[in-house]
Amino acid sequence: MLIRKAQVRWLLTLSIQYGYRAIQDLLSFASFYGGENALRWFFSDANDILVFYIGGKIFCYFSMDKFDRCTLKCTTERIAELKERYQAVGAPFNMSPKYWISIEFNADLPDALLLDLVKSSYTIVLDKLPKKQRELLNETSRKEC
């Protein structure tokens, strides 16, 4: 995976602002979801957004400037429940509020639930991929283990 100068600069800024642990968490996050062949993450120069996707479909993204929230895919039933219960859950940036949520970090949403929502987002997107593509991704993940 090639990392451009702007990406290195951002990772250094992230480590200074939030500590080395933030980079470790980010890299762990990236490697946990499907391995290198299943997951791609890239920086969008236009909006300074860090995007994670599986099989060409986005399941999570962050603002690189603020790094204070993430946007995740979610079921419509769960969106209503989460918004009612937690102030940390809000409207997504630049996505349909019917299928996506934005979650503010370090707010009233428990970390365990945030991780569950990320896994759920990943699964929602993975399950909508064509069967052949899912099988290929599963094969690749097994080979890496």
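The values are calculated or read from the model by the stated rules, or taken from the named source; none is laboratory data. Quantities reported herein were computed from a predicted structural model and do not represent experimental measurements. Methodologically, a virtual Cβ is constructed for each residue, glycine included, from the backbone with ideal geometry; neighbour enumeration extends over all protein chains shown. Each accessible area value is taken on the protein alone, full model and side chains, heavy atoms only, with ligands, DNA and RNA left out. Shrake-Rupley method; radii C 1.70, N 1.55, O 1.52, S 1.80 Å.
Cut-off 11 Å, label point 7 angstrom out along Cα-to-Cβ of Asn106: give me the residues of the stretch 50-79 whose amide nitrogen falls inside.
The answer is 67-69, whose backbone nitrogens lie closer than 11 Å to the label point.
Within the set of other residues whose C-beta is less than 15 Å from the C-beta of Ala88, count the net charge using Lys and Arg as +1 and Asp and Glu as -1. Don't skip to the answer; put the middle values down first.
Details: positive: Lys66, Arg69, Arg78, Lys83, Arg85; negative: Asp68, Glu81, Glu84, Glu104, Asp108, Asp111, Asp116.
Local charge sum for Ala88: -2.
Determine the share of the stretch 47-141's accessible area contributed by carbon and sulfur atoms, expressed in whole percent, with a 1.4 angstrom probe.
Numbers: 2630 of 5350 Å².
For the stretch 47-141, the apolar C and S fraction of the accessible surface comes to 49 percent.
Scattering from the C-alpha atoms of the stretch 64-145 alone, worked out with Debye: what is log10 I(q)/I(0) at q = 0.13, 0.17, 0.21, 0.25 1/Å?
Once normalised to I(0) and log-transformed, intensities are -0.48, -0.74, -0.95, -1.16.
Residues with amide H under 5 Å of Phe67's amide H, sequence separation 5 or more or different chain, H placed in the peptide plane at 1.01 Å from N; which?
Correct list: empty.
Strictly over 18 Å apart at the Cα level, which of Lys73/Lys98; Lys73/Lys132; Lys83/Lys128 would you flag in this model? All intermediate terms of the calculation are to be shown ahead of the outcome.
Details: Lys73/Lys98 9 Å; Lys73/Lys132 22 Å; Lys83/Lys128 24 Å.
Over 18 Å Cα-Cα: Lys73/Lys132; Lys83/Lys128.
Give me a comma-separated list of calculated 3J(HN,Hα) values for the stretch 79-89, in order, Karplus coefficients 6.51, -1.76, 1.60 applied at θ = phi - 60°, integers in Hz, x for any Gly or Pro.
Karplus values, whole Hz, x for Gly and Pro: 4, 4, 4, 5, 5, 5, 8, 10, 6, 5, 8.
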